[in-house]
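**Student:** Quick one: this structure, given as structure tokens, is what I'll be asking you about.
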Amino acid sequence: MVNQYTIVIENQTGADHTYALFNDYPKVKTDSGTDPKIWSNVFATAKTAATQTATFNVFEQFTAQIGTSEGSAAEGVTVNVQGNEQVTLGFIDQNTGKTVPGTSKGFTSLPDDIPKFSSPDPAAAGSIGSFEFTTDDSFTFQEASESASIHPLSLR
């Protein structure tokens, strides 16, 4: 069963407001030892009039998302999400004490630079508390840092 959390914000400011929840920055591990910039986007917004409440219902289900942007990771740059799939994070099984790897998602960039998940998924190899992307030769580190960026999100 998926856990659900509810966040209620009471707008007592006397003015209309928009509230936003942001996803957390993922930790990125690369073979090259460099750390590409990753977006942290808004994944939920709510508008409230003065004296009203905003309610966010958040589910503990993690998703991997892929997309493109028109520029490098920076304030004001928007990511256009093209793919969204559920993943599980790696964990230690409390009954056996063994590590259960997190989901691995294959990723490819089509000839016209449209990112997509590849199929079938690679064998699960995500670290504890993580899932992972694996890419083929169609996606380079330069593309990741300049234009067609992988954008993993964790939604709780």
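**Student:** Just to be sure, is residue 88 of a type outside the set (A, V, I, L, M) and modelled with pLDDT of 85 or more?
**Tutor:** yes
**Student:** Shifting gears a bit: If a residue must be outside any strand (DSSP E or B) and either at pLDDT below 80 or in contact with a helix residue (DSSP H, G or I) (Cβ under 8 Å, 6 or more places away or on another chain) (or both), how many such residues does region 4-42 contain?
**Tutor:** Result for region 4-42: 19.
**Student:** Within region 43-52, is even one residue surrounded by 10 or more Cβ atoms within 10 Å (Cβ to Cβ), within 18 Å of the chain's Cα centre (by Cα) and modelled with pLDDT under 70?
**Tutor:** yes
**Student:** With the requirement that a residue be touching a Leu at 6+ places or on another chain (Cβ under 9 Å), of a type outside the set (Val, Ile, Thr), at pLDDT 85 or above and in a strand (DSSP E or B), what does region 114-136 give you?
**Tutor:** The one that is touching a Leu at 6+ places or on another chain (Cβ under 9 Å), of a type outside the set (Val, Ile, Thr), at pLDDT 85 or above and in a strand (DSSP E or B): 126.
**Student:** Now a separate question. Of all the residues that make up region 88-134, how many are closer than 23 Å to residue 69 by Cα, of a type outside the set (S, T, N, Q) and surrounded by 15 or more Cβ atoms within 10 Å (Cβ to Cβ)?
**Tutor:** Residues meeting the conditions: 8.
The values are calculated or read from the model by the stated rules, or taken from the named source; none is laboratory data. The shown structure was predicted, so the numbers you read here are calculated from the model rather than taken from an experiment. Here the Cβ is made from the backbone with ideal geometry for all residues, glycine too, and neighbour counts use every protein chain on show.
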